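Read through the structure below, which is laid out as structure tokens, and then see the notes.
The values are calculated or read from the model by the stated rules, or taken from the named source; none is laboratory data. Given the structure is predicted, the values throughout are model-derived calculations rather than measurements. Cβ placement follows ideal geometry from the backbone for every residue including glycine, while neighbour counts extend to all protein chains displayed. When the accessible area is computed, the model is the full protein with side chains, heavy atoms only, and any ligands, DNA or RNA have been set aside. Shrake-Rupley method; radii C 1.70, N 1.55, O 1.52, S 1.80 Å.
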Amino acid sequence: MTWKDNYQVWKDYKDLNPQIAAELAEMAGDDAALENAFTKPMAFGTAGMRGLIGPGIGQMNLYTVGSATEGLARFMDTLSDDDKQRGVAISFDSRYQSREFAHHAAQVLGAHNIPSYVFDDIRPTPELSFAVRHLHTYAGIMITASHNPKQYNGFKIYGPDGGQMPPVAADQITGYVRSIDNLFTVATVAEPKLRQKGLLHIVGEDLDEDYLAGVKAVSVNPKLIDEVGKDMKLIYTPLHGTGRVIGYRALKDAGYANFTMVKEQAIADPEFPTVEHPNPEFPEAFNMAIKLGKEQGADLLVATDPDADRLGAAVRMPNGDYTLMTGNQIASVLLNYILKAKQDANQLPADGLVVKSIVSTELATKIAEHYGVQMNNVLTGFKYIAEQIKLAEENHEHTFLFGFEESFGYLINPFVRDKDAIQSTILLAEVAADYKQQGLTLYDGIQQLYKEYGYFKEKTTAKEFGGVDGAEKMAAIMKSLRDNRPTAFAGVQVETVDDYQTQTATHADGTTEKLTLPESNVLKYWLADGTWIAVRPSGTEPKIKFYIGTNADTEAAATQKLTDFEQALNDWVQD
């Protein structure tokens, strides 16, 4: 069917949701918008789905959410009755229609006699991961578009261990979703009836208390908080999202008494009115926190994204200005603090394990090596870090100590199986307190690490490909990169190319070896001077990401190398 055929089906459907019908009427005559909304169904994969909110098979609405939930329900129908009756935990963020999508999902599950446990209000993604484990449900659904702009929403599925659904099960669910020919035939049951039958449970404070108890236990040295942290000036902003529900309480519970929330951004507002992008990776997200921080002379500014799984930070410099830390820098100071504190307390396990993504800093590898801790590299996506935690527990071979991705996602204690900005906020404040006790700042701390291990610099850029042909353009670029393999960047020889799609590492002399990580559309180039460059299409957004990681003996040299390699990469991609 063409997009016009699909559009006509929606126009002709007599029982279309009134709000969606009104939005559809507003789109009349806008062929570009209609083509984008009705050409292809929403992509549904191992990370669920994410897209613009609006009518159509290619956008987030009650019907596409219903079909995604129906796919999960049909999968759960194949399980044992005991597993099926464990049910599904459901949470949602502060975005437009998040609450409606969450409750609609519960109604679809109820039509299959699958119990659901829905939070009474917005909660962070990490608390949803916790809820799956705490309630022993078989699955979890998180309605969120994370750090995307206000026009977006999304649907993520979690598995029995609290991590994102494992690949085999995720593929089966995807198959069920794609087999649904008519979105309008997905059955639902009204909530009052579900409540009467015991198929819909509302949860909230009962889980909050247990989750917060786990967060409090993240502290490595509570005495340090009593001595320094309680008086340290902090600014916290949840960027209009779920962090306002839990972040404030977590800081209070941990003993940080002298912190201030950015009140304008502590309002759960789907418009995100004070920021263009509610993303702590972007400097402008800190504008209000910096203004407040200067007024109060705050030592540390922290920001969490709308679903509170990503954490960004800024630290005060001697001149009173603030500098933002990168995700790699935050991860490095957290990791160094954890390992050093455990070593000093004779609590560093001999089988310690740290896990990071293949596009994250190698500084962390150097730190782990220094403390005799194993570093495992995984593909991008926190589900792969969760898999490593599960394997470590099942095989009794390693003790998980820390996991991170360069994109501002970190996990300290594995009672959660996804990146957790609430845990990270508490521990980063403790690290800041540790440096403050020494008369230093977090900025000083990362500089100390550079002096000890070398100056590591990383940069991530992205090129967007919107519209109905965006996926084809991205595929063409990746094909071109494979067909025209470079031998050097900025005059530095490429020694090895890791192609995770073919699971093959090809060396400069033509020899090859098998890669052990799962198949993925990622290319990574290892250069003779220790620099690496990676190219990866995003799994949730219409963009290709380019990563560069380099190092040198001085900061100036590392910065210059980063500039040179970025220019060389841009020139090569454009050619």
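Things to note:
- Dipole moment magnitude, nearest 20 debye, the range 1-67 about Cα centre, only Lys, Arg, Asp, Glu C-beta charged: 240 debye
- Under-5 Å amide H pairs with THR361, H placed in peptide plane, nonlocal only: none
- Listed by chain and number, the aspartates and glutamates whose alpha-carbon sits under 14 Å from that of LYS451, ignoring those within fewer than 8 places in the same chain, are ASP553, GLU555.
- Which listed pairs, of LYS230/LYS436; LYS252/LYS436; LYS263/LYS545; LYS150/LYS463, have C-alpha distances above 22 Å, in listed order: LYS263/LYS545
- Once backbone amide H atoms are built at 1.01 Å from N, VAL203 has VAL118, PHE119, ASP120 as its partners under 5 Å, excluding neighbours fewer than 5 places away on the same chain.
- Calculated FRET efficiency for the pair LEU391/ASN17, C-beta based, R₀ 45 Å, to 0.05: 0.55
- For the range 94-223: accessible area per residue (Å², 1.4 Å): 38 Å²
- Relative contact order (%) - the chain, alpha-carbon pairs under 8 angstrom, separation at least six: 11 percent
- 3J(HN,Hα) along the range 88-101, derived from phi through the Karplus expression 6.51 cos²θ - 1.76 cosθ + 1.60 where θ = phi - 60°, amounts to 9, 8, 9, 10, 7, 9, 8, 6, 4, 6, 4, 4, 4, 5 Hz, with x in place of Gly and Pro.
- The alpha carbon convex hull volume per residue for the range 209-317 rounds to 100 Å³.
- Working from label points 7 Å from Cα in the Cα-to-Cβ sense, the ALA557 to GLN343 distance is 2.4 nm.
- Each stretch of four or more DSSP H residues adds -39500 (n - 2.57); spread over every residue of the chain, this sum gives -12500 deg cm²/dmol at 222 nm.
- Taking amide H as placed 1.01 Å from N in the peptide plane, THR399 has its amide H under 5 Å from the amide H of ASP351, GLY352, LEU353, each at least 5 places away in sequence or on another chain.
- Flagged links, alpha-carbon separation over 31 Å, of LYS356/LYS479; LYS294/LYS524; LYS233/LYS524: LYS294/LYS524; LYS233/LYS524
- The Cα-based radius of gyration of the range 1-94, divided by its Kirkwood radius, gives an Rg/Rh of 1.05.
- Probe 1.4 Å, accessible area per residue of the range 470-523, Å²: 56 Å²
- Cα centre as origin, Lys/Arg/Asp/Glu Cβ charges: the chain dipole, Debye: 420 debye
- The value given for the range 393-506 is a Kirkwood hydrodynamic radius of 19.0 Å, derived from the mean inverse Cα-Cα separation.
- Along the range 400-409 the Karplus relation, 6.51 cos²θ - 1.76 cosθ + 1.60 evaluated at θ = phi - 60°, assigns HN-Hα couplings of 5, 10, 5, x, 7, 10, 4, 7, 6, x Hz to successive residues, with x for each Gly and Pro.
- Across the range 387-392, coupling constants 3J(HN,Hα) worked out from phi with the 6.51/-1.76/1.60 Karplus curve, θ = phi - 60°, read 4, 5, 5, 4, 5, 4 Hz, and Gly and Pro carry x.
- Stokes-Einstein diffusion for the chain, with the hydrodynamic radius set to the Kirkwood value over Cα pairs and evaluated at 37 °C in a medium of 0.692 mPa s, equals 133 µm²/s.
- With every protein chain in place, the chain: carbon and sulfur % of accessible area (1.4 Å): 47 percent
- For the range 345-415, the solvent-accessible area with a 1.4 angstrom probe is 36 square angstrom per residue.
- Which listed pairs, of LYS419/LYS457; LYS216/LYS366; LYS216/LYS340, have C-alpha distances above 26 Å, in listed order: LYS216/LYS366
- Neighbourhood charge, 13 Å Cβ-Cβ cut-off, centred on ALA505 and excluding it, Lys, Arg +1 and Asp, Glu -1: -2
- Since only HIS240, PRO222, ALA254 are under comparison, the one whose Cα sits farthest along the positive direction of the charge dipole of the range 208-255, derived from C-beta charges on Lys, Arg, Asp and Glu, is HIS240.
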